[in-house]
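The block underneath contains the structure these notes are about, expressed in structure tokens.
The values are calculated or read from the model by the stated rules, or taken from the named source; none is laboratory data. A quick note: this is a predicted structure, and the numbers were derived from the prediction, not measured. Cβ: placed from backbone, ideal geometry, glycine included. Neighbour counts: every protein chain shown. Just so you know, the surface numbers come from the protein's heavy atoms only, side chains and all, with ligands and any DNA or RNA stripped out. Shrake-Rupley method; radii C 1.70, N 1.55, O 1.52, S 1.80 Å.
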Amino acid sequence: MTAFVAPDEIRGRFARAMSEMYRQEVPQYGSLIALVAQVNGEVLARQPQLEQAMARAGELDRLDVERHGAIRVGTAEELATLRRLFAVMGMEAVGYYDLSVAGVPVHSTAFRPVAQAALNRNPFRVFTSLLRLELIEDAALRAQAAAILAQRRIFSDGALALIARCEQAGGLSDAEADAFVAEALETFRWHSEATVDAETYERLHRAHRLVADVVCFKGPHINHLTPRTLDIDAAQAGMPARGMDAKDVVEGPPRRACPILLRQTSFKALEETVRFPGDGGVDHGTHTARFGEIEQRGVALTRKGRALYDQLLAQVRDMAGAGSAGAGYAERLATAFEAFPDSHDALRQQGLAFYRYVATGVAADADTAVEDLLAAGALRAEPIVYEDFLPVSAAGIFQSNLGGEEQKRYQANQAQQAFEADLGASVHDEIALYQTLQDESLAAARAALRQAAAA
Ligand code: OOG
Ligand code: NI
């Protein structure tokens, strides 16, 4: 019997290969990685307690390789096959994001590892959007787009065979895993030849730039790959000197002593030259598909914490204006968020955020209340990192990279069940996942206290 390669290992290899490919395709990505590494090094040198806390939580090693990417697909079959492809690498669909409310005709999920050990190994995530053709008004154009999509094959025969092999055998050998990574990578590669003529491209582009991006190309090119910074304001300030011009608004919560959820900023990376079939190989147009983004991650919020976040964000920002929030935004945001407690003790005691409980080795009665065990020094509470995305932020990222001013109006309509039917599976509720991590850590910590008392 041949030994299988662990899905975590395949994911690590794939994330590395994707990063290499994107560095070749988008040179600014390389500069971004260098900038983030420099900023992270400075932050850790300045804050040894942060370095120690991250090391204790098993989070330090993943920092250098931590990335998320994003792709957009056009059909249910493409989405369902992606689910199977990501499963080979231990990645599952987490969360449902309806972006139609923000004028983007897609709905999305994130494929990512779910277990704590897998996240610490390599938390590679891919934000994956499915085009909602039903939101294109012009029926003829809608039918044409569907017909074009029905023609294409975004997975290589090799990738499909290895996915099936993994499903049947229960895993991949070392050589198969390497072959899988190479074959899977092909799906995410940029292709500069459009699959449609220039006129069709223009018509789809007029319906929505995103429709052209999804429908007119051979595959769902990876459109960004985002490293995690420990200080997004410092990274943003360092961008111009390296030739990157970030959008002015950092999406998400304001800067705080205790970071929550996710802060993100993006910049336009490339105007691609596109060739259309039938133009004799003459370069014919440009397309903006790929961009750069950085993010800073904080503690995951409970439903109560998330409701407070959503309420405060809504106070300062009209959904329709996401991504172009205008002057004075940062100040208004900071003012509104004064209502959000900013110490880990307050966040925990008020049930706003999730924590991992660890027994410290100090003896105590295991059945005492958590706060008493913390006060006695018998438990330590570590913030659980938010591993997911934010719909308003995602809409802002989409908008800023689709060429700015475009604001289409769609009926806000959540369609999670339709999405899950297309995916061929239900998505995890991300908040339930964090709750489980917290509950399991507390049970394990209490068990450790009990065991120490019995010894
Ligand atoms: C995805 C945009 C969302 C994020 O980090 O919120 C995203 C896209 O443009 O395809 O990546
Ligand atoms: Ni992103």
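A few notes on this one:
- Complete set of residues in region 426-454 that are among the β-branched types (Val, Ile, Thr) and open to solvent by 70 Å² or more (accessible area, probe 1.4 Å): none
- Filtering region 229-260 to residues that are closer than 19 Å to residue 43 by Cα and open to solvent by less than 10 Å² (accessible area, probe 1.4 Å) leaves 229, 232, 235, 239, 260.
- Of everything listed in (1) at pLDDT 95 or above; (2) away from ligand 2 (no atom under 16 Å from the Cβ), the single unmet condition for residue 389 is (2).
- Residue 91 passes every criterion in (1) open to solvent by less than 10 Å² (accessible area, probe 1.4 Å); (2) out of contact with any helix residue (DSSP H, G or I) (no Cβ under 8 Å at 6 or more places or on another chain) apart from (2).
- Taking residues in region 374-403 that are β-branched (Val, Ile, Thr), and partners anywhere that are within 11 Å of ligand 2 (Cβ to nearest atom), the pairs with Cβ atoms closer than 6 Å and at least 6 places apart or on different chains are 397/266.
- Check on residue 277, without any contact (Cβ under 8 Å) to a residue 12 or more places away in the chain and open to solvent by 10 Å² or more (accessible area, probe 1.4 Å): no
- First in region 22-34 and closer than 15 Å to residue 185 by Cβ, second anywhere and open to solvent by less than 30 Å² (accessible area, probe 1.4 Å) and in a helix (DSSP H, G or I), Cβ under 7 Å, 6 or more apart: 22/29; 23/29; 23/30
- Per-region count, region 354-381, residues of a type in the set (D, E, K, R) and more than 22 Å from residue 341 (Cβ to Cβ): 2
- Meets criteria (away from ligand 1 (no atom under 16 Å from the Cβ), open to solvent by less than 50 Å² (accessible area, probe 1.4 Å) and modelled with pLDDT under 95) for residue 415: yes
- Single condition residue 45 does not satisfy, out of (1) in contact with a strand residue (DSSP E or B) (Cβ under 9 Å, 6 or more places away or on another chain); (2) among the hydrophobic types (A, V, I, L, M, F, W, C); (3) away from ligand 2 (no atom under 16 Å from the Cβ): (1)
- Filter result (within 16 Å of ligand 2 (Cβ to nearest atom), touching a helix residue (DSSP H, G or I) at 6+ places or on another chain (Cβ under 6 Å) and at pLDDT 85 or above) within region 264-296: 264, 265, 266, 291, 292, 294, 296
- Checking each residue of region 84-104 against the condition of being in contact with a Ser or Thr (Cβ under 6 Å, 6 or more places away or on another chain), within 30 Å of residue 173 (Cβ to Cβ) and not in a helix (DSSP H, G or I) gives at least one match.
- Residue in region 329-340 that is in a loop (DSSP other than H, G, I, E, B) and surrounded by fewer than 18 Cβ atoms within 10 Å (Cβ to Cβ) present: no
- Failed condition for residue 209, given (1) at pLDDT 95 or above; (2) open to solvent by 10 Å² or more (accessible area, probe 1.4 Å): (1)
- Qualifying positions in region 37-64 - free of Cβ contacts under 8 Å to residues at least 24 places away in the same chain and either of a type in the set (Lys, Arg) or touching a Ser or Thr at 6+ places or on another chain (Cβ under 7 Å) (or both): 46
- Identity of the residue in region 373-394, assigned to a strand (DSSP E or B) and either hydrophobic (A, V, I, L, M, F, W, C) or buried (at least 21 other Cβ atoms within 10 Å of the Cβ) (or both), that ends up farthest from ligand 1 (Cβ to nearest atom): 379
- Condition met for residue 204 (more than 16 Å from ligand 1 (Cβ to nearest atom), at pLDDT below 95 and open to solvent by less than 10 Å² (accessible area, probe 1.4 Å)): yes
Here is a yes/no grid of residues against (1) under 19 Å from residue 221 (Cα atoms); (2) free of Cβ contacts under 8 Å to residues at least 12 places away in the same chain; (3) within 13 Å of ligand 2 (Cβ to nearest atom); (4) basic (Lys, Arg):
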{"site": "66", "(1), (2), (3), (4)": "no, no, yes, no"}
{"site": "70", "(1), (2), (3), (4)": "yes, no, yes, no"}
{"site": "75", "(1), (2), (3), (4)": "yes, no, no, no"}
{"site": "79", "(1), (2), (3), (4)": "yes, no, no, no"}
{"site": "92", "(1), (2), (3), (4)": "no, no, no, no"}
{"site": "107", "(1), (2), (3), (4)": "yes, no, no, no"}
{"site": "129", "(1), (2), (3), (4)": "yes, no, yes, no"}
